[in-house]
Amino acid sequence: MSTLPKLRVWDEAGHPCRGRYLVTERGEPFFYLGDTAWELFHRLTREEADLYLKDRAAKGFTVIQAVALAELDGLNTPNAYGDTPLHRNDPAQPNEAYFRHVDWVIDRANALGLYVGLLPTWGDKVNKKWGVGPEIFTPENARLYGEFLGKRYRDKGIVWILGGDRPVETEAHLSIWRAMAAGLRAGDDGAHLMTYHPVGGQSSAERLHAEPWLDFNMLQSGHARRAEANYAMLARDYARMPVKPCMDGEPCYEDHPIGFDPRNGWFDAADVRRAAYWALLAGAHGHTYGCHTIWQMYAPDKHDPVSHARRSWQESLNLPGAGQMRYAKQLMLRREPLLRVPDQSLLASDAGEGEAHICAARAADGSYAYLYLPTPRPVRVRMDTLKGRTVQASWYDPRTGESTPIGELRNTGEREFTPPVGDAHDWVLVLEGEQR
């Protein structure tokens, strides 16, 4: 049994951010900082999984997203111990040996304080479209398989993630996912939160927002172009009714070729930081980081590279963007996280477009504000959106988590702020009122 507390959606009556964030069963704010390790169960040995999980725990991640029936021929290519997940590719006949390995990885993750965002299957087993497949699910066996997983992991630190990079295009697809969700709920008695990982450029909300089993929305801003405006996608989900938490569950991956073509260059640490801060200040409850070689657990001596992967997963563990995600988490938890609301009205100057777009958020009670500047340029702020006679202002460095004080300022009118001279990278302007 995991000692990690169960997670739930924040639902305090009358709270200004009711339904926006996740908390533990004890009511403590939970920051979802995910990493995409889709092939974790399928490709790694226990020793390798332990190395990966220890690294992510040390870097402050809180959720590891991994797939039971994996994308890269997960049905017919055995795991590191020679086991495939299903007998005769039948979801109603899981292979106990394979799932004992899944058990071990989940238990190890939980022991390190990591929840597992567990995808029962990659989406190609429901709606192939591309990839390996095959399509093996029906409503009947989806429910049986869901119930099997729900019972097996009822007492573990789990978040259920249905889908897996495929759209819900037909009523037949929807009936399968509904049946799997019902099976999971029957098996775990509703112990765990549930969401859906959609295809690139889409959100779970577009087809599934009203589904009662969908506890929070997940979008995939994806890998098609630099500076994808995930803040606009999140704004749409944030405005939907009924209110549900939302997040970007697959933004651009560090070290992924832009638009899947190396001639366009590669996403780097600045790209993944921008996606994270844009999302969080647009109202996301948390964020998922990803690295191109780590999602596929690429080992050059064992695998063919997917989409031009160019280094091993072990070499990629310490790419700078991965370590810098902890600083986004650190800032979001610095002041009362359950009060954070997006608010572009903080800006008295133009928000900008493309890679230079500024996103802003504040506390619902006016006690603090964060403005993310992807490029270093002056920004003018309406100070009267904050409470108190004075405000402590500082620049927060998303690369290091260090703050540079600006000083104590009178909280009146409009004021222009210019990032530190000579540091041509992104900054967060932090404005904090008196602590209560």
Handout entry: Top-ranked residue of the stretch 214-249 - restricted to ones that are among the charged types (D, E, K, R), touching a helix residue (DSSP H, G or I) at 6+ places or on another chain (Cβ under 9 Å) and in a loop (DSSP other than H, G, I, E, B), ranked as surrounded by the fewest Cβ atoms within 10 Å (Cβ to Cβ)
Key = Arg225
Practice task
Say whether the condition of being under 17 Å from Leu317 (Cα atoms), in contact with a Lys or Arg (Cβ under 8 Å, 6 or more places away or on another chain) and at pLDDT 95 or above is met by at least one residue in the stretch 94-106.
Solution key: no
Exercise for the section: Please determine, by comparing only the residues of the stretch 332-381 that are among the charged types (D, E, K, R) and assigned to a strand (DSSP E or B), which one is farthest from Leu409 (Cα to Cα). Expected result: Arg340
Practice task
Quick one: in the stretch 180-206, of everything that is of a type in the set (Gly, Ala, Ser) and either part of a helix (DSSP H, G or I) or over 18 Å from the mean Cα position of the chain (by Cα) (or both), which residue is surrounded by the fewest Cβ atoms within 10 Å (Cβ to Cβ)?
Solution key: Ala186
Handout entry: Lone unmet requirement of (1) in contact with a His (Cβ under 8 Å, 6 or more places away or on another chain); (2) more than 30 Å from Thr138 (Cβ to Cβ) for Ala57
Key = (1)
Completion exercise
Taking the stretch 277-309 and keeping only residues that are in contact with a strand residue (DSSP E or B) (Cβ under 8 Å, 6 or more places away or on another chain) and either assigned to a helix (DSSP H, G or I) or surrounded by fewer than 17 Cβ atoms within 10 Å (Cβ to Cβ) (or both), one is left with Tyr277, Trp278, Ala279, Leu280, Leu281, His292, Ile294, Trp295, Ser307, His308
Completion exercise
The correct count of residues that are without any contact (Cβ under 8 Å) to a residue 60 or more places away in the chain and outside any strand (DSSP E or B) in the stretch 124-167 is 29
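Got a sec? Which of His256, His209 is surrounded by fewer than 18 Cβ atoms within 10 Å (Cβ to Cβ), touching a Ser or Thr at 6+ places or on another chain (Cβ under 9 Å) and without any contact (Cβ under 8 Å) to a residue 60 or more places away in the chain?
His209
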Problem - Positions within the stretch 410-431 being modelled with pLDDT of 95 or more and outside any loop (DSSP other than H, G, I, E, B), in sequence order - result: Glu414, Arg415, Glu416, Phe417, Trp427, Val428, Leu429, Val430, Leu431
Completion exercise
Residues in the stretch 1-23 that are modelled with pLDDT under 90 and among the acidic types (Asp, Glu) total 0
Practice task
Could you please tell me which pairs satisfy a Cβ distance under 6 Å, a separation of 6+ or placement on different chains, a first residue in the stretch 38-54 that is surrounded by 23 or more Cβ atoms within 10 Å (Cβ to Cβ), and a second residue that is among the basic types (Lys, Arg) and modelled with pLDDT of 95 or more?
Solution key: Leu53/Arg108
Exercise for the section: May I ask you to verify whether Thr45 is among the hydroxyl-bearing types (Ser, Thr, Tyr) and either farther than 22 Å from Asn318 by Cβ or modelled with pLDDT under 95 (or both)? Expected result: no
Problem - Answer residue from the stretch 121-158, given it is more than 26 Å from Asp107 (Cβ to Cβ) and aliphatic (A, V, I, L, M) and is modelled with the lowest pLDDT among those - result: Val132
Problem - Residue among Arg88, Arg46, Arg26, Arg56 that is in the same structural domain as Ala239 (by TED's automatic domain parsing), among the charged types (D, E, K, R) and touching a strand residue (DSSP E or B) at 6+ places or on another chain (Cβ under 9 Å) - result: Arg56
Exercise for the section: Might you let me know whether the stretch 282-290 holds any residue that is within 29 Å of Thr77 (Cα to Cα), assigned by TED's automatic domain parsing to the domain that holds Asp55 and not small (Gly, Ala, Ser)? Expected result: yes
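The values are calculated or read from the model by the stated rules, or taken from the named source; none is laboratory data. Just so we're clear, the structure is a prediction, and the values are computed from it rather than from any experiment. Methodologically, a virtual Cβ is constructed for each residue, glycine included, from the backbone with ideal geometry; neighbour enumeration extends over all protein chains shown.
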